[in-house]
Amino acid sequence: MEFRAEMRYLRVSPQKARLVLDLIKGRKVEDARNTLAFTKKRVAANVGKLLQSALDNANFLATEKNLDVEIDNLYVKRAVANDGPRMKRIRPAPQGRAYRYVRRIAHIELVLAERGKNGEAVANVVGGETAAPARAKRRAPAAKKSAGKNRKKTAAK
């Protein structure tokens, strides 16, 4: 089961937000909270609130829909910072000119998932098969193409 939270129109550059999100990807929720608490970036406080929101969503759904969710086994499955709309601004420049600059806005998405008892992610069964074999099927045709390029050509007589 996945639990997500989203923060939109955050006044920070997506590039700066990705620096903080890369610190917590794949970590357990408790480790991620500790990491964010001691990170000196300004966006870390907002990401901490977003992580808490995702955790609250997991807790709410566990109690509301009677799901068997172990809060201690949750980890940050995906953390993405996308571009939002850009604010175009003008700065006065010498000799009556005007320089344009852009203020960037980010949309941040955080997804929590539950790990199994042995440390592996719990597989969601969709349509009778798990997600891992579907990925393997997609990669198989690419392997055939690369094998065909390396084949030796026979000399024409």
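The values are calculated or read from the model by the stated rules, or taken from the named source; none is laboratory data. Nothing here was measured: the structure is a model prediction, and the numbers come from that model. Positions of Cβ are backbone-derived with ideal geometry, glycine not excepted, and every protein chain shown enters the neighbour counts.
Structure summary
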| quantity | calculated |
| --- | --- |
| Whichever residue in the range 45-56 is closer than 13 Å to residue 110 by Cα and of a type in the set (A, V, I, L, M, F, W, C) and, among such residues, is surrounded by the most Cβ atoms within 10 Å (Cβ to Cβ) | 47 |
| In the range 13-37, the residues that are of a type in the set (S, T, N, Q) and surrounded by fewer than 16 Cβ atoms within 10 Å (Cβ to Cβ) | 15, 34 |
| Some residue of the range 68-77 being within 28 Å of residue 24 (Cα to Cα), among the basic types (Lys, Arg), without any contact (Cβ under 8 Å) to a residue 40 or more places away in the chain and surrounded by 10 or more Cβ atoms within 10 Å (Cβ to Cβ) | no |
| Any hit, the range 2-12, residues being surrounded by fewer than 15 Cβ atoms within 10 Å (Cβ to Cβ) and aliphatic (A, V, I, L, M) | no |
| Residue 18 vs. criteria out of contact with any Asp or Glu (no Cβ under 6 Å at 6 or more places or on another chain) and in a strand (DSSP E or B) | no |
| Index of the failed condition, residue 81 passing every other in (1) within 12 Å of the chain's Cα centre (by Cα); (2) in a helix (DSSP H, G or I); (3) among the small types (Gly, Ala, Ser) | (2) |
| Selection status of residue 51, modelled with pLDDT under 95 and among the hydrophobic types (A, V, I, L, M, F, W, C) | no |
| Checking residue 61 against (1) closer than 26 Å to residue 114 by Cβ; (2) under 16 Å from the mean Cα position of the chain (by Cα), the condition it does not meet | (2) |
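Per-residue answers, yes or no, for (1) surrounded by fewer than 17 Cβ atoms within 10 Å (Cβ to Cβ); (2) at pLDDT 95 or above:
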| position | (1), (2) |
| --- | --- |
| 63 | yes, no |
| 66 | yes, no |
| 88 | yes, yes |
| 93 | yes, yes |
| 99 | yes, yes |
| 109 | no, yes |
| 116 | yes, no |
